[in-house]
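Derivation of every value follows stated rules applied to the coordinates shown; laboratory data play no part. Note that the coordinates shown come from a computational prediction; the quantities given were computed from them, not determined experimentally. All Cβ positions, even for glycine, are placed from backbone atoms using ideal geometry, and neighbour counts span all protein chains on display.
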Amino acid sequence: MSNVLLEVNQLTTKYITRFREDVYAVDHVSLSLEAGKSIGIAGESGCGKSTLALSLMGYYFAPLHYQSGDIIIDGKNISGMKPDDVRRNILGREIAYIPQAAMNALNPTCKIRKFIRDVMHAHYPKMRDDEIDRMAEDRFRELNLPVDSLDLHAVELSGGMKQRVVIAVSTILKPKVLIADEPSSALDVSSQKVVIRMLRDMMNAGLIGSMIFITHELPLLYNVTDDIMVMYAGQIVEKGTAAEMVFDPIHPYSRGLMRSILVPEEGTRNIKLTAIPGTPPNLKKPPQGCRFYDRCRYRQPQCQYNAVPIADIEGNRQYRCQLSVDQLRELYTAEDAEAERKQAEDTVLQKFLKDTGMNSAKEENRDDI
Amino acid sequence: MTYEELQNAPLCLSGRQLTKVFVNGKVSKTAVDHVDFDFHQGEVISIVGESGSGKTTLSKMLLGLLNVTSGTIYFKGEERKIRTMAQRRAYWNGIQAIFQDPFSSYNIFHKIDAVLDDCINMRYGRHIDKQKREDLKTEACSFVNLKYAELTNKYPFELSGGQMQRLMIARIFLLKPQILLADEPTSMIDACSRATILDMLLKLRDETGMTVIFITHDIGLAYYISDTVYIMEHGKFVESGSADEVILHPKAAYTKRLISDVPKIHEEWNLDDVFTGEE
Ligand SMILES: Nc1ncnc2c1ncn2[C@@H]1O[C@H](COP(=O)(O)OP(=O)(O)OP(=O)(O)O)[C@@H](O)[C@H]1O
Ligand SMILES: Nc1ncnc2c1ncn2[C@@H]1O[C@H](COP(=O)(O)OP(=O)(O)O)[C@@H](O)[C@H]1O
Ligand code: SF4
Ligand SMILES: [Mg+2]
Ligand SMILES: [Mg+2]
């Protein structure tokens with residue numbers, strides 16, 4: 001039997017703004033996460049990734065409000081719980097969260113040791129300092145972090161090191177679910193790799209039961225998580241395994257995202273990125289039909305008026321589009337063939353110019369200058 | 001233009017043995033260490049290195065915002081002179097910059113109109129015809145997919161990060177500098193808007209023939225956008241050449257490591273091979 005650690009059904013949450021306008025930043029989101037598995041959440045800025053993270057933890061402090069749906073952590077439904085209860089009994093043990101830019105939140109002039117004691121006292125007010133210190137030292141050793149860094153101040157650590165410390169501390173209680181929001185985006189590539197490896201080792205060692213990883217860097221998700229979910233304007237528009245999502249995206253928006261990938265690999269330089277035109281809709285007044293309508297190059301007249309439900313397809317995949325999977329695949333195949341034809345034409349033209357000496361004529365002129 | 005053609009194009013900006021040493025009491029730190037480079041007209045150059053490698057220090061020297069400790073910068077084949085205010089102004093007509101944090105580069109009390117007006121004044125003078133002025137602003141905004149009508153009367157802080165980045169490119173469109181220097185201009189925005197910005201910059205290069213100097217730690221981005229790549233480690237250029245040469249056939253150990261640290265999609269990304277020497 002599979003061991004589901006997190007089950008979310010039709011979760012909807014909203015921000016109530018100063019002007020009493022509602023922003024539905026998480027709109028009927030469902031997902032399920034088994035022990036030992038990880039899921040990635042991708043999508044552009046403002047689509048609701050961080051709000052989803054807060055909502056999953058039951059962290060409802062104004063202006064964020066719970067509207068409807070269930071959040072079940074290891075069999076326990078936390079969606080009706082009071083935020084203070086959640087903070088005391090759920091956070092850290094059941095579910096842990098590493099917020100965006102967490103490393104910058106460390107008090108720069110506070111020793112790491114003191115920071116860990118404060119975190120632990122929030123959960124176990126009676127725990128003794130030496131007990132906490134021992135726990136911290138053990139955990140640092142387990143994760144190959146230098147134990148001396150406990151006596152350093154946050155300013156004395158490099159960005160990558162700070163982030164690893166934050167992760168080590170946030171997961172000290174071995175949470176069943178870890179939510180990491182852009183844990184490595186502010187770091188350069190080498191420190192990022194160290195952070196990612198540490199997360200992988202923690203998963204393997206059972207220090208974290210399962211993981212939700214948020215980032216807009218798709219190559220990173222592809223390498224880190226089992227599944228990927230793409231979010232657009234508060235809704236899930238597609239879900240599949242990492243390989244399916246990167247190499248065979250179905251939703252037009254996912255396809256657009258996958259074509260913004262930049263990797264230093266042979267051949268990628270010649271493929272033009274296809275930027276998605278326009279900007280996402282205003283979530284105060286989301287469009288009644290498909291939310292991607294304005295920016296979709298495959299849109300049909302009916303897309304503008306009919307809301308689109310999310311649908312299950314082959315395997316464990318889901319997508320949200322009025323066109324059928326076959327229709328979309330056909331459109332994509334035609335488009336790829338056309339692009340290939342253009343590329344071939346260009347190559348022939350370049351070769352022609354070279355052979356007929358038109359290029360070298362230009363070069364000679366330049367040498368004269 | 002091909003890489004070879006670009007190498008024969010006229011020189012735009014060069015450096016010889018360019019060095020910056022920061023002295024702080026008894027400690028001195030060499031941030032940029034005797035670098036040589038030749039940037040040509042119309043060339044897109046990336047300078048790639050990790051944080052602390054000296055990229056921002058180099059870009060500040062190129063912009064004339066930081067004194068050079070030793071070595072020489074040549075602008076269009078002649079030694080750059082920025083002693084007097086007039087010389088400085090003349091130089092800044094030729095070189096413009098986009099920075100890491102878009103919010104820091106605007107005067108927050110200036111409406112967006114004023115931001116664009118300043119550019120027009122710099123390039124065309126104050127006395128340009130009113131209609132022409134409006135046309136220029138509209139054209140610049142539409143070049144970057146912003147609607148001018150929606151921006152008038154707004155302040156920069158009312159824009160999203162992505163809109164802000166695009167406004168910055170609209171400025172460059174109006175100023176049409178010979179050289180554009182961009183220090184991590186896309187590190188704050190998501191992958192999707194990043195593609196839009198990169199394509200706008202390339203389009204601007206194709207239209208105006210300007211030289212673009214891209215400063216970044218993202219080697220995938222450098223590979224996509226540049227003709228020429230310089231790799232910087234501890235203030236030195238350890239390798240340079242065409243993008244294909246440097247990224248697909250790296251010679252320096254440092255370049256190889258940078259490339260192996262980036263997550264890939266067609267090749268395996270080996271997490272066990274991590275470099276922890278710095279800590
Ligand atoms: N405190 C708030 N009050 C009102 N609206 C908010 C608030 N915080 C966020 N929002 C809105 O909710 C939506 C989702 O924001 P969220 O921060 O979850 O995006 P995100 O996907 O995490 O973006 P990023 O990639 O930039 O981190 C946005 O439209 C945003 O403007
Ligand atoms: N004003 C300064 N005073 C002293 N050291 C500095 C100063 N600015 C930068 N440095 C040092 O110079 C080195 C290069 O910094 P920088 O050019 O900002 O690197 P990058 O932009 O590649 O991250 C770093 O070690 C940094 O600490
Ligand atoms: S429903 Fe229509 S507009 Fe929306 S993504 Fe599908 S084709 Fe595009
Ligand atoms: Mg966020
Ligand atoms: Mg910098």
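Counting only Cα atoms, I'd like the Rg/Rh figure for region B:121-193, Kirkwood definition for Rh.
Details: Rg = 13.3 Å, Rh = 13.5 Å.
We get a ratio of 0.99 for region B:121-193.
Relative to the Cα centre, what is the charge dipole magnitude of region B:1-131, using +1 at the beta carbon of each Lys and Arg, -1 at the beta carbon of each Asp and Glu, and rounding to the nearest 20 debye? Numbers along the way, then the final one.
On the way: 16 positive and 14 negative charges, 149 e Å.
My answer is approximately 720 debye.
Students often forget the sequence filter, so: which aspartates and glutamates lie under 18 Å Cα-Cα from B:K147 once same-chain residues fewer than 8 apart are removed?
The reachable aspartates and glutamates, counting only those whose Cα sits under 18 Å from B:K147, are A:D294, B:D113, B:D117, B:E134, B:D135, B:E139, B:E158.
Send over the Kirkwood Rh of region B:3-262, from the inverse of the averaged 1/r over different Cα pairs, rounded to one decimal Å.
19.2
How large is the helix-only mean residue ellipticity at 222 nm for the protein assembly as shown, computed as the sum of -39500 (n - 2.57) over DSSP H runs with n ≥ 4, divided by its residue count, in deg cm²/dmol to the nearest 500?
On the way: 22 runs with 241 residues, N = 648.
For the protein assembly as shown, the value works out to -11000 deg cm²/dmol.
Select from region A:94-152 those trypsin sites (Lys or Arg not before Pro) which occupy a DSSP coil region and have at most 13 other Cβ atoms within 10 Å, ordered by residue number. Working shown, then result.
Details: sites: A:K111, A:R113, A:K114, A:R117, A:K126, A:R128, A:R134, A:R139, A:R141; in loops: A:K126, A:R128.
Here the trypsin sites (Lys or Arg not before Pro) that fit, given the DSSP loop and packing criteria, are A:K126, A:R128.
Per-residue HN-Hα couplings for region B:35-45, Karplus 6.51 cos²θ - 1.76 cosθ + 1.60 at θ = phi - 60°, whole Hz, x for Gly and Pro?
Values, residue by residue: 9, 10, 7, 10, 9, 9, 4, x, 8, 9, 10 Hz.
If you wrap region B:123-279's Cα atoms in a convex hull and average its projection over all directions, what's the area in nm²? Please report the intermediate quantities before stating the final value.
On the way: hull surface 49.2 nm².
The orientation-averaged projected area of the Cα hull of region B:123-279 comes to 12.3 nm².
Please compute the volume of the convex hull spanned by the alpha-carbon atoms of chain A and report it per residue in Å³.
Details: hull volume 76.6 nm³, N = 369.
For chain A, the hull spanned by Cα atoms encloses 208 Å³ per residue.
Find the all-direction average of the projected area of the Cα convex hull for region B:1-127, expressing the result in square nanometres with one decimal place.
Working: hull surface 43.7 nm².
Average projection, Cα convex hull of region B:1-127: 10.9 nm².
Output the relative contact order of chain A, whole-number percent, from Cα pairs under 8 angstrom with separation of 6+ residues. Mind dumping the intermediate values first?
On the way: 581 pairs, mean separation 63.7, N = 369.
With pairs under 8 Å counted, the relative contact order is 17 percent.
Can you list residues whose amide H is under 5 Å from B:V32's amide H, if they're 5+ apart or on another chain and H is modeled 1.01 Å from N?
B:K20
Using only the alpha-carbon atoms, what does region A:163-295 span along each of its principal axes? Please give whole angstrom values in decreasing order.
45, 41, 25
When the expected Rg is taken as 2.2 N^0.38 Å, what fraction or multiple of it is the alpha-carbon Rg of region B:205-278?
Ratio of Cα Rg to 2.2 N^0.38 Å: 1.21.
With the contact rule set at Cα under 8 Å and sequence spacing of 6 or more, what percent relative contact order holds for region B:3-262?
On the way: 454 pairs, mean separation 68.8, N = 260.
Relative contact order here is 26 percent.
Would you please give the residues with an amide H less than 5 Å from that of B:I215, counting only those at least 5 places away or on a separate chain, with H modeled from the backbone geometry?
B:I47, B:A182, B:D183, B:E184
Hey, any idea what the orientation-averaged projected area of the convex hull of region A:8-145's Cα atoms comes to, in nm²?
Details: hull surface 42.7 nm².
For the Cα atoms of region A:8-145, the hull's average projected area reads 10.7 nm².
By average Cβ neighbour count within 10 Å, what is the ranking of A:278-291, A:165-178, A:49-62 from highest down?
Numbers: A:278-291: 16.9, A:165-178: 21.6, A:49-62: 20.0.
Taking the mean over residues of other Cβ atoms within 10 Å, the ranking is A:165-178, A:49-62, A:278-291.
For region A:147-190, just the Cα set please: Rg and Dmax, both in angstrom.
Answer for region A:147-190, Rg first and Dmax second: 11.7, 31 Å.
Beyond a 29 Å Cα-Cα separation, which of these cross-linked pairs lie in this structure: A:K111/B:K55; A:K285/B:K111; A:K82/A:K176? Each step should come with its number before you reach the end.
Details: A:K111/B:K55 31 Å; A:K285/B:K111 27 Å; A:K82/A:K176 20 Å.
From A:K111/B:K55; A:K285/B:K111; A:K82/A:K176, over 29 Å: A:K111/B:K55.
For region A:213-226, just list the computed ³J(HN,Hα) in residue order, Karplus coefficients 6.51, -1.76 and 1.60, θ = phi - 60°, integers in Hz, with x standing in for Gly and Pro.
Using θ = phi - 60°, the values come out as 10, 9, 6, 9, 7, 5, x, 5, 4, 4, 8, 9, 10, 6 Hz.
I need the semi-axes of the equivalent ellipsoid of the protein assembly as shown: take the C-alpha gyration tensor, multiply each eigenvalue by 5, square-root it, list largest first in whole angstrom. Write down the numbers at each step before the final one.
Numbers: eigenvalues 360, 203, 129 Å².
The answer is 42, 32, 25 Å, longest axis first.
Can you compute log10 of I(q)/I(0) for region B:189-245 with the Debye formula, treating each Cα as one identical point scatterer, at q = 0.17, 0.19, 0.26, 0.29 Å⁻¹?
-0.63, -0.76, -1.16, -1.26
Within 10 Å of each Cβ of A:161-169, how many other protein chain Cβ atoms are there on average?
Working: counts 2, 0, 0, 1, 0, 0, 0, 0, 0.
So the per-residue partner count for this stretch is 0.
Please turn the phi angles of region A:116-121 into ³J(HN,Hα) values with the Karplus equation 6.51 cos²θ - 1.76 cosθ + 1.60 (θ = phi - 60°), one per residue in order, whole Hz, x for glycine and proline.
5, 4, 4, 4, 5, 5
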